[in-house]
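Below is one structure, written out as structure tokens; comments come after it.
The values are calculated or read from the model by the stated rules, or taken from the named source; none is laboratory data. Because the structure is a prediction, the values reported are computed rather than measured. FYI the Cβ positions are ideal-geometry reconstructions off the backbone, even for glycines, and counts take in every protein chain you see. Quick note on the areas: whole protein, heavy atoms, side chains included, nothing else; ligands and nucleic acids left out. Shrake-Rupley method; radii C 1.70, N 1.55, O 1.52, S 1.80 Å.
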Amino acid sequence: MNSELIEKSKKYLWLPFTQMKDYDENPLIIENGEGIKVKDVYGKEYYDGFSSVWLNVHGHRKQELDDAIKRQLEKIAHSTLLGMTNVPATELAEKLINISPKNLTRVFYSDSGAEAVEIALKMAFQYWKNVGKPEKQKFISMKNGYHGDTIGAVSIGSIDLFHHVYGPLMFESFKAPVPYVYRSESQDPCICRDECLQELEQLLKEHHHTIAALSIESIVQGASGIIVMPEGFLSGVRELCTKYEVLLIVDEVATGFGRTGKMFACEHENVQPDLMAAGKGITGGYLPIAVTFATERIYEAFYDDYSNMKTFFHGHSYTGNQLGCAVALENLRLFEVEEVVEKVAEKSENLKKLLNTLYELPHVGDVRQLGFMCGIELVQSKKMRQPFPSDKRIGYKVSLKMRELGMLTRPLGDVIVLMPPLVSTVEDLKEMIEIIKQAIMEVTNGVLQ
Ligand code: PLP
């Protein structure tokens, strides 16, 4: 029965971000989850070390979340948000505004992080048209940025491995640098930050009259390797955007909802975005809801008689889905009563100590962390900061070894990702770090320095 299922998966499926040849060699089908662990069809248990792609908050099968969906099912599963609303979407909107940076006053729903980003881009573009500055049509995005996989999100992305092939399909955007301290010449966070801000200012000086918005991941560039920006960088970007009249789009899809030890990562620097995209943890990892937040100033630029053609013509079939909004509401209630964000901030200190022990290993070059968002960069030579040849696929092999040892994650090249569910205890974190350690040792053992 299980081997039949495996065969079916190989025969019919095409998986995201997956070379199917790799899948065929190492298939895996998850059947159950309980707390921070999942189980495959053979009953083997794994730590969900990457929160099922950076989503999970309270663990799997959290009773309160399950019940919230069941209660909503007794009423209705879905009705549209086009021209009308529904009860949980309305209540959730109020809750979201109460927990978001205070200048954000409106929420626009969608189904995935990429869509939330696309919506922010379209809002920014149309905003300037609506206020009589149609020449502001271009975007600045950040080198090594990632915002999802739809064409607009890819256009403002800049990870060659994922994006290069789609070059001819993308609209152009100016690329500004983000400090990557470990790979910088000086390795000094302040120098690195200031150099990048200066370059950005030069770009803005020359082109600001044609630029609608700048998009940036909030404090941590996730997909390019959990690269944590030095203190003061995001707030510096905010200041420059204000100075040059460019809207700031902050992408909190990966960092939002407690992941970094604040409800939203931009709170670390008291940054107030003009537009903000969020998703992932919003439903505790249960259902696909995403959201684009906007300021009242942006909202008002679209508010007019219909005949003036300022309407935002964008929507999706499942926008504001009741089941999703109901579970998101319950998720946010649990955030409050279980003090999830405060506890992540606390446990992050223990996690930091545990992560630091990884430096004992000869091939751990850099360990980066903000809250429960961690990346461990493996290198061939620590002294020279020299990467492994990419065809060795060290990161991939380490993650397969971790799977064997009972923990799931997905590497970003040779960066091992640890993004545990936010409720993971210090004891759980200890065990996960032990698995990472053992896997790195076994895979890199004997690889020449
Ligand atoms: N933005 C960031 C910063 C992300 O990390 C991701 C996904 O990892 C996305 C956007 C895309 O989100 P989704 O996969 O829900 O479309």
Task: Where Asn356 falls short, out of the listed (1) within 24 Å of Tyr46 (Cβ to Cβ); (2) assigned to a helix (DSSP H, G or I) - done: (1)
Open item on the list: I'd like to know if the range 277-286 contains one or more residues that are open to solvent by 10 Å² or more (accessible area, probe 1.4 Å) and either under 30 Å from Lys129 (Cβ atoms) or more than 16 Å from the ligand (Cβ to nearest atom) (or both).
Closed with: no
TODO: Write out, first by first residue and then by second, each pair whose Cβ atoms fall under 8 Å of each other, whose residues are 6+ apart or on separate chains, and whose first residue, in the range 1-29, is among the small types (Gly, Ala, Ser) while the second is at pLDDT 95 or above.
DONE: Ser9/Tyr23; Ser9/Pro27; Ser9/Ile29
Open item on the list: Scan the range 354-364 and tell me whether some residue there is in contact with a Gly (Cβ under 9 Å, 6 or more places away or on another chain) and either among the basic types (Lys, Arg) or buried (at least 22 other Cβ atoms within 10 Å of the Cβ) (or both).
Closed with: no
Open item on the list: Between a residue in the range 156-184 that is without any contact (Cβ under 8 Å) to a residue 12 or more places away in the chain and any residue that is assigned to a loop (DSSP other than H, G, I, E, B), which pairs come within a Cβ distance under 6 Å, given they are 6 or more apart or on different chains?
Closed with: His163/Gly157
- [ ] Answer with yes or no whether Pro88 is more than 16 Å from the ligand (Cβ to nearest atom) and without any contact (Cβ under 8 Å) to a residue 24 or more places away in the chain.
- [x] no
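Conditions tested, residue by residue: (1) more than 16 Å from the ligand (Cβ to nearest atom); (2) at pLDDT below 95; (3) buried (at least 23 other Cβ atoms within 10 Å of the Cβ).
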residue	(1), (2), (3)
Pro273	no, no, yes
Pro288	no, no, no
Ala294	yes, no, yes
Phe312	yes, no, no
Gly324	no, no, yes
Leu329	yes, no, no
Arg333	yes, no, no
Glu339	yes, no, no
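Per-residue answers, yes or no, for (1) within 13 Å of the ligand (Cβ to nearest atom); (2) at pLDDT 95 or above:
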site	(1), (2)
Lys102	no, yes
Val107	no, yes
Ser110	yes, yes
Glu115	yes, yes
Lys129	no, yes
Gly132	no, yes
Phe162	yes, no
Phe174	no, yes
Cys192	no, yes
Open item on the list: One residue is enough: does the range 201-218 have a residue meeting the conditions within 26 Å of Pro420 (Cβ to Cβ), under 23 Å from the mean Cα position of the chain (by Cα) and not acidic (Asp, Glu)?
Closed with: yes
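Could you go through the range 136-147 and let me know if any residue there is within 13 Å of the ligand (Cβ to nearest atom) and among the β-branched types (Val, Ile, Thr). Walk me through how you get there before you give the answer.
Residues of the range 136-147 within 13 Å of the ligand (Cβ to nearest atom): 141-142, 144-147.
Then drop every residue that is not among the β-branched types (Val, Ile, Thr), which leaves none.
No: zero hits.
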